[in-house]
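These notes are about the structure you will find just below.
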Amino acid sequence: MTSTANASEPPSDQEARRADFLAYYDAEAADRARRPVPPWRVAAQQEFLARLAEERSGTVLEVGCGPGRDGEAISAAGLAYTGVDLSPGMVEVARAAGLDAHVASATELPFEDHAFDAVWSMSTLMHLDDAELEAALSEIVRVLVPGGLFAVGMWGAAELTVGTLAGPAAEPAAGPGKDYGPPRYFHRRTDTMVRERLGEHGEIESWWTRPSSPGSSHRYQYAVVRTPGPAG
């Protein structure tokens, strides 16, 4: 993986990345469904669900639902759950688990304005270039009720790092795994970059990072953001 300028890619490159993602994640879907969610991510999930219960939230959209591991927990908490993922294979597995899941891009969510009380998105947005990230965050705010919460987690780094990685090394917290296909694009931003981008779309109410391993410059970045409230 190499450091590059903070720029968006031409449409042809974006289409190639999309094809690689579909090949990789469709092949990985069944195995990912059996892989346990890391304890630190479960803790974040439970804390977020507790906040939603306090605020009497009823509907949650997951952007990048994968095979539905988080979706099952959200649904079990009594919330009306909807998930979207770019991978048809992932959506098929999520639906088999009884979840309301749809094939869709984070940058073009197929829902009306203010359709959800909250949004959950883990390990998804670091696959987007800058223009795509802006589109995804704008879409998240659009489909949220004013003053709604969204939780975002993504892999970042001490320095901006952009490029492709293949195999298990691409996600250090996932543990041993297989090579499911083409390398995947990662846009690993610094903490400052992520906080600035999120802050443009709401108020950051919670923030933490954790290294992928002791001493590593790669880290998981997690934030809970509240969107602007109703005008007037």
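The values are calculated or read from the model by the stated rules, or taken from the named source; none is laboratory data. What you are looking at is a predicted structure, and each value in this text was computed from that prediction instead of being measured. Cβ coordinates were reconstructed from backbone atoms using ideal geometry, including for glycine residues, and neighbour counts include every protein chain displayed. Note: accessible area is taken over every heavy atom of the protein model, side chains too, but ligands, DNA and RNA are not part of it. Shrake-Rupley method; radii C 1.70, N 1.55, O 1.52, S 1.80 Å.
The set of residues in the range 67-84 being free of Cβ contacts under 8 Å to residues at least 24 places away in the same chain and buried (at least 19 other Cβ atoms within 10 Å of the Cβ) consists of Tyr81, Gly83.
Annotation note: Cβ proximity below 9 Å between a residue of the range 22-34 that is touching a residue at least 24 places away in the same chain (Cβ under 8 Å) and a residue that is among the acidic types (Asp, Glu) (sequence gap 6+ or interchain) occurs for Tyr25/Asp85; Asp26/Glu92; Ala29/Glu92.
Restricting Ala44, Ala23, Ala29 to those that are open to solvent by 30 Å² or more (accessible area, probe 1.4 Å) and either farther than 27 Å from Ala135 by Cα or outside any loop (DSSP other than H, G, I, E, B) (or both) reduces the list to Ala23. If you go through the range 103-132 and keep only what is assigned to a strand (DSSP E or B), of a type outside the set (S, T, N, Q) and surrounded by 18 or more Cβ atoms within 10 Å (Cβ to Cβ), you end up with Phe116, Asp117, Ala118, Val119, Trp120, Met122. Glu62 - would you say it is of a type outside the set (Gly, Ala, Ser), at pLDDT 95 or above and open to solvent by 40 Å² or more (accessible area, probe 1.4 Å)? No. Among the residues of the range 133-142, at least one is open to solvent by less than 40 Å² (accessible area, probe 1.4 Å), more than 25 Å from Ala43 (Cα to Cα) and touching a His at 6+ places or on another chain (Cβ under 8 Å).
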